[in-house]
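Only one structure is covered here, and it is reproduced in the block below.
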Amino acid sequence: MSASAPITQDLVTIPRKLPDGPTNLVGLTRDQLRETLIAAGTPEKQAKMRVGQIWQWIYQKGERDFAKMTNLSKDYRAQLAEQFVIAVPEVVSREVSADGTRKYLVRIAGGHEVEVVYIPETDRGTLCISSQVGCTLTCSFCHTGTQKLVRNLTAGEIVGQVMMARDDLDEWPEPGEGSDARPRLLSNIVLMGMGEPLYNFENVRDAMKIAMDPEGISLSRRRITLSTSGVVPEIARTAEEIGCQLAISFHATTDETRDKLVPINKRWPLKDLLEALKSYPKVSNSERITFEYVMLKGVNDSDDDARRLIKLIKGIPAKINLIPFNEWPGAPYERSDWERIERFADIVYKAGYASPIRTPRGEDIMAACGQLKSATERARKSRAQIEAEAGMTK
Ligand code: SAH
Ligand code: SF4
């Protein structure tokens, strides 16, 4: 039995083809799309080329209407339109914060809703996406962990969040314009929204492969970060099969405390976790691992914790993101005092590690995402400013 089986086995898998609807092409891997096209009557010899063409329309041009795919014959376009759809999650609500952060609630099949957050920064625009509805894990400081309902998102629902955001940012290329003609507003993806991505490995992998493919969304694997609570057996697989950047929800420096904060630690304790992390950068050819560390008053924020943290991660290329606890109603913890966080950051910094302190973005709209902006970055720019500076004024 695979290690994650007991937790994921009762998740509902939504069939790609709904009983009363056509197949959605979004989220199909190249191989799956090829097979799907052949099964629908595309001659085998042409299938590979058609996959490339259709992918470019869907992921590079943002086209949703087969009739407008002008490099395909009219008959073929009609045939596709009869059998398939190009569908992304539906936006239920959208809030824009004073600092430019956008929070979306999107609806997926079955009526479930997940959150997506767009965070504009001076040098990038990061989309925080979800991999599951809710989460089967029960980290005691995390609000998502308190939600009962859980299901895995399909690959189409995961990459569809990126497409939805590009729709909203209006950043598909104009007809005739190359896909990289303008700087990207959505330049980075973090899997730090709802859910544990490594308990939905295949769908996350397939979606991120589309995000990284030059004929897909075409983002570098260095611009994609997957955050995990520490599903040890899947970490090596992440390096081998996805190769993106890794963030780890570390949050404690002793097994006793981590057992309470991140209960998956009881199954894969610190020793096993650190072992798995040591080989990650080499196998994935990636840069530093991000250690996420939520600052909880009197729980994990002492000077001793900071010193233990440095000792534990010795030998791992690392950056430590200190996250002031984002309080939620009924939460059993409090955010550490600012002076304490700064003192902790200082110890870590003096040991030679980057230790940015993050503060929640979009606090006025309660944007809930683990990816939180560095408080040390004073300049907060609106999308209009970023566009203006990039020469993109409309
Ligand atoms: N399940 C994955 C990814 C989603 S959570 C994981 O746990 O890594 C993304 C990040 O937000 C994690 O580091 C998580 O520990 C952190 N987080 C969750 N709730 C938080 C809160 N209330 N305040 C601050 N960070 C939080
Ligand atoms: Fe799940 Fe991550 Fe929240 Fe833990 S921190 S409950 S793994 S979403």
Completion exercise
Honestly region 163-281 on the Cα gyration tensor test (a ≥ b ≥ c root eigenvalues; a/c under 1.5 rounded, otherwise a/b vs b/c for prolate or oblate) is just prolate
Handout entry: Label point distance in nm, Asp170-Met49, each placed 7 Å from Cα along Cα→Cβ
Key = 3.7 nm
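Applying 1/(1 + (r/R0)^6) with R0 = 45 Å to the Cβ-Cβ distance of Glu342 and Lys68, what FRET efficiency is obtained, to the nearest 0.05? Kindly include the intermediate steps, with their values, before the conclusion.
Values: r = 54 Å, r/R0 = 1.21.
Calculated value: 0.25.
What does the accessible area per residue of region 303-351 come to in Å², with a 1.4 Å probe and no ligands, DNA or RNA counted?
Numbers: 2720 Å² over 49 residues.
Here the residues of region 303-351 average 56 Å² of exposed surface.
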Handout entry: Solvent-accessible area of Lys319 with every protein chain in place, 1.4 Å probe, in Å² to the nearest 10
Key = 60 Å²
Handout entry: Under Karplus coefficients 6.51, -1.76 and 1.60, residue-wise ³J(HN,Hα) of region 190-206 in Hz, glycine/proline x
Key = 10, 8, 10, x, 6, x, 9, x, 7, 9, 9, 4, 4, 5, 5, 4, 4
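Heavy atoms only, 1.4 Å probe, whole protein assembly: order Leu153, Leu312 by accessible area, highest first.
So, going from the largest accessible area down, we get Leu312, Leu153.
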Exercise for the section: State to the nearest 20 debye the size of the charge dipole of region 82-127 about its Cα centre, where the only charges are +1 on K and R beta carbons and -1 on D and E beta carbons. Expected result: 40 debye
Practice task
Take every Cα-Cα distance within region 240-295, group them into 10 Å bins from 0 onward, and report for each bin the whole-number percent of pairs it holds.
Solution key: 23, 49, 26, 2
Problem - Solvent-accessible area of Ser97 with every protein chain in place, 1.4 Å probe, in Å² to the nearest 10 - result: 10 Å²
Handout entry: Candidate residues Thr238, Thr122: accessible-area rank, largest first, probe 1.4 Å
Key = Thr122, Thr238
Exercise for the section: Enumerate the amide H contacts of Lys297 below 5 Å, restricted to partners 5 or more residues apart or on another chain; note that Pro and chain-start residues carry no placed amide H. Expected result: Glu334, Arg335, Ser336
Problem - Exposure rank, largest accessible area first [Trp328, Trp55; 1.4 Å] - result: Trp328, Trp55
Exercise for the section: Convert each backbone phi in region 61-77 into a coupling constant with the Karplus relation 6.51 cos²θ - 1.76 cosθ + 1.60 (shift: θ = phi - 60°), then list the ³J(HN,Hα) values in order as whole Hz, x for Gly and Pro. Expected result: 9, x, 6, 10, 10, 4, 4, 9, 7, 5, 8, 10, 5, 4, 5, 5, 4
Practice task
Positive end of the charge dipole of region 136-246 (Lys, Arg +1 and Asp, Glu -1 on Cβ, about the Cα centre): tell me which of Thr238, Gly193, Thr144 has its Cα farthest that way.
Solution key: Thr144
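For region 12-112, what is the charge dipole size about the Cα centre, in debye to the nearest 20, if Lys and Arg each add +1 at the Cβ and Asp and Glu each add -1 at the Cβ? List each step's numbers first, then the result.
Values: 16 positive and 11 negative charges, 45 e Å.
That gives a dipole near 220 debye.
Using 0.36 nm per residue, how much length does the chain from Ala351 to Ala98 gain when fully extended, once their Cα-Cα distance is taken away? Numbers along the way, then the final one.
Working: separation 253, 0.36 × 253 = 91.08 nm, distance 3.61 nm.
Full extension from Ala351 to Ala98 adds 87.5 nm.
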Exercise for the section: Could you check the simple spin-label distance between Lys61 and Thr254, using points 7 Å along Cα→Cβ, in nm with one decimal? Expected result: 6.2 nm
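Carbon and sulfur together cover what percent of the accessible area of region 194-283 at a 1.4 Å probe radius?
On the way: 1470 of 3120 Å².
Heavy-atom surface of region 194-283 belonging to carbon and sulfur, 1.4 Å probe: 47 percent.
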Handout entry: Size of electric dipole in region 221-354: Cβ of Lys, Arg +1 and of Asp, Glu -1, about Cα centre, debye, nearest 20
Key = 480 debye
Practice task
Tabulate in residue order the Karplus-calculated ³J(HN,Hα) for region 295-310, using 6.51 cos²θ - 1.76 cosθ + 1.60 with θ = phi - 60°, rounded to whole Hz; enter x for Gly and Pro.
Solution key: 8, 10, 4, x, 10, 9, 10, 7, 4, 4, 4, 4, 5, 5, 4, 4
Handout entry: Pairs from Lys103/Lys282; Lys271/Lys350; Lys48/Lys282; Lys103/Lys311; Lys209/Lys311 whose Cα-Cα separation, in the structure shown, is over 30 Å
Key = Lys103/Lys282; Lys48/Lys282; Lys103/Lys311; Lys209/Lys311
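The values are calculated or read from the model by the stated rules, or taken from the named source; none is laboratory data. These numbers come from a predicted model, not from an experiment. Because the Cβ atoms are built from the backbone with ideal geometry, glycine has one as well, and the counts that use them run over all protein chains shown. SASA here: full protein model, heavy atoms, side chains in, ligands and nucleic acids out. Shrake-Rupley method; radii C 1.70, N 1.55, O 1.52, S 1.80 Å.
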